[in-house]
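The values are calculated or read from the model by the stated rules, or taken from the named source; none is laboratory data. The shown structure was predicted, so the numbers you read here are calculated from the model rather than taken from an experiment. As a convention, Cβ positions derive from the backbone with ideal geometry for all residues, glycine included, and neighbour counts pool all protein chains shown. In case anyone asks, the SASA skips ligands and DNA or RNA and just uses the protein heavy atoms, side chains included. Shrake-Rupley method; radii C 1.70, N 1.55, O 1.52, S 1.80 Å.
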Amino acid sequence: MVLVSRAQKAALREARRTRDELAGVGIANQRLVLNGLFRASRPDDSIALALEQRGDSAVAAYAEFLETLPVYEVALRPHNLLG
C-alpha cells in the first residue's frame, strides 16, 4: 500500500492514522511518498526559507512515524506532473 502525504503536520497525522488502521486489518506492506517537498533555491529569499523550514519542522515532528516505513520524497515542481 502506498500512502501519499504532504510535509504538513495535519497531513502526516492523517497518514499515521491511516497506517495504523491498515496495519490493524493486516496490511503491513506499506510505503509513504512525501509529495511536493519545497526546497528554497535561493539562500537570500526569506519567504522561501520559511516555507522550507515549515515542511522540515513537520517532518521532524513526525520523525518517529516516518522511521517505521520506507519513505520516498518527491520535490515540488513548478508545473503539473502528467503521466
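Here are a few things to note about the model shown:
- In the chain, helical runs assigned H by DSSP with n ≥ 4 each contribute -39500 (n - 2.57); averaged across all residues and rounded to the nearest 500, the mean residue ellipticity at 222 nm is -13500 deg cm²/dmol.
- Residue-wise HN-Hα couplings along region 20-32, as the Karplus relation 6.51 cos²θ - 1.76 cosθ + 1.60 with θ = phi - 60° gives them from phi, are 5, 5, 5, 4, x, 9, x, 8, 9, 7, 10, 9, 10 Hz; Gly and Pro carry x.
- Taking Cα atoms only, the orientation of helix 46-61 departs from the longest principal axis of the chain by about 20 degrees.
- A Gaussian network model of the chain, with springs between Cα atoms under 10 Å, assigns the largest mean-square fluctuation among 51, 37, 12 to 51.
- Within-14-Å neighbourhood charge of residue 56 [Cβ basis; K, R +1; D, E -1]: +2
- Bridge type composition, the chain - antiparallel percent by DSSP, nearest 5: 0 percent
- Residues whose amide H lies under 5 Å from that of residue 37, counting only those 5 or more places away or on a different chain, are 74, 75, 76; hydrogens are built 1.01 Å from N in the peptide plane.
- Values (1) 27, 15, 9; (2) 43, 19, 8; (3) 19, 18, 11 are given for comparison; semi-axes √(5λ) of the Cα gyration tensor in Å, derived from the coordinates here, is the one labelled (1).
- Heavy-atom accessible surface of the chain: percent carbon and sulfur, 1.4 Å: 53 percent
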